[in-house]
1. Could you check region 180-208 and list, in sequence order, the residues that are among the hydrophobic types (A, V, I, L, M, F, W, C), open to solvent by 10 Å² or more (accessible area, probe 1.4 Å) and either under 30 Å from GLU153 (Cβ atoms) or assigned to a helix (DSSP H, G or I) (or both)?
2. List every residue pair whose Cβ atoms lie under 8 Å apart, where the two residues are 6 or more positions apart in sequence or sit on different chains, the first residue falls within region 128-141 and is more than 11 Å from HIS203 (Cβ to Cβ), and the second residue, located anywhere, is open to solvent by 40 Å² or more (accessible area, probe 1.4 Å) and not charged (D, E, K, R).
3. Which ones in region 20-47 are in contact (Cβ under 8 Å) with a residue 12 or more places away in the chain, over 22 Å from PRO106 (Cα atoms) and either in contact with a strand residue (DSSP E or B) (Cβ under 6 Å, 6 or more places away or on another chain) or open to solvent by 90 Å² or more (accessible area, probe 1.4 Å) (or both)?
4. Among (1) open to solvent by 30 Å² or more (accessible area, probe 1.4 Å); (2) at pLDDT 95 or above; (3) in contact with a helix residue (DSSP H, G or I) (Cβ under 6 Å, 6 or more places away or on another chain), where does ARG211 come up short?
5. Only one residue in ILE65, ILE52 is open to solvent by 10 Å² or more (accessible area, probe 1.4 Å) and either in contact (Cβ under 8 Å) with a residue 12 or more places away in the chain or closer than 30 Å to ILE176 by Cβ (or both). Which one?
6. If you check ARG64 against the conditions, is it at pLDDT below 95, over 27 Å from GLU147 (Cα atoms), basic (Lys, Arg) and under 20 Å from the mean Cα position of the chain (by Cα)?
7. Mind counting the residues in region 5-36 that are polar (S, T, N, Q) and not in a helix (DSSP H, G or I)?
8. Every residue in region 110-135 that is in contact with a strand residue (DSSP E or B) (Cβ under 6 Å, 6 or more places away or on another chain) and either at pLDDT below 95 or open to solvent by 60 Å² or more (accessible area, probe 1.4 Å) (or both), please.
Amino acid sequence: MEYISKASIKDKVRRNYILKIAIVGTISLAGFVLAITNLFSGGVLYAFWYLIAFIIGLSYVVIRINTAFPTYIATDGEKLVLSTWKNCILPYKVKEKPAFISDFIPDGVKCEEISFSDLDRIYVGSLKFLKKSLSEEEYPGSLKSFEEDNQLEKMLKRMDFFLAITTNGEISFMSIVDFDLDAVSSVLDSVERNCQGVKIQIHIPKLLRIRKKQSDSRL
């Protein structure tokens with residue numbers, strides 16, 4: 001699909017992830033080779049630990065790939081597209097049992113499309129901003145659930161979100177941590193120009209400055 005505007009994580013952050021993926025992937029592969037070598041040479045215990053290291057490394061690689069590539073916000077001029085993880089906040093499973101294993105299980109990816117004819121409002125900002133701006137009924141139940149976990153709650157407070165509401169009250173949201181805010185501004189500008197009557201509220205100072213600069217440049 002071709003988009004007129006698309007925003008994802010910053011190129012610098014993506015390159016950093018790719019470097020880490022390459023390093024950890026190489027080490028994991030070496031661990032797998034050593035596990036096989038030790039297994040055939042009789043070193044079963046060493047083979048076991050090398051295999052565990054390989055599995056952990058592989059999980060890290062998959063999660064980092066899941067972080068670097070599939071999430072984005074985009075528009076083709078007729079609809080808004082949000083591609084994010086199924087839990088909407090993190091690239092790995094959350095609130096799974098046992099808890100220590102969930103960090104090593106990559107979460108799935110979902111892609112939601114909202115036609116401009118159905119789009120009513122967009123909010124971009126922190127968790128506190130969303131709580132202040134949305135009614136009790138509009139505030140996502142999944143966020144309420146995540147806030148019950150002390151560790152997740154601390155992470156949520158450091159995140160910025162992109163949330164869209166349709167005219168019939170359906171809500172789509174996602175974390176935009178490390179996103180290119182210039183690109184986010186471009187997406188919002190495209191939505192504003194092509195979706196008549198949409199209301200956009202922003203509570204990220206840097207994004208507001210970018211929006212003002214882009215607006216002034218068109219005068």
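The values are calculated or read from the model by the stated rules, or taken from the named source; none is laboratory data. The model shown is predicted, which means the values in this text are computed figures rather than measured ones. Using ideal geometry, Cβ is built from the backbone for each residue, glycine included, and neighbour counts are taken over all protein chains shown. In case anyone asks, the SASA skips ligands and DNA or RNA and just uses the protein heavy atoms, side chains included. Shrake-Rupley method; radii C 1.70, N 1.55, O 1.52, S 1.80 Å.
1. Restricting attention to region 180-208, the residues satisfying the condition of being among the hydrophobic types (A, V, I, L, M, F, W, C) are 181, 183-184, 187-188, 191, 195, 198, 200, 202, 204, 207-208.
Narrowing further to those that are open to solvent by 10 Å² or more (accessible area, probe 1.4 Å): 181, 183, 198, 200, 202, 204, 208.
Hits for region 180-208 are LEU181, ALA183, ILE200, ILE202, ILE204, LEU208.
2. Close Cβ pairs satisfying both conditions: GLU137/GLY169; GLU138/GLY169; GLU138/ILE171; PRO140/ILE171.
3. The one that is in contact (Cβ under 8 Å) with a residue 12 or more places away in the chain, over 22 Å from PRO106 (Cα atoms) and either in contact with a strand residue (DSSP E or B) (Cβ under 6 Å, 6 or more places away or on another chain) or open to solvent by 90 Å² or more (accessible area, probe 1.4 Å) (or both): TYR46.
4. (2)
5. Matching residue, one of ILE65, ILE52: ILE65.
6. Criteria not met by ARG64.
7. The number of residues fulfilling the criteria is 2.
8. CYS111, GLU113, ASP118
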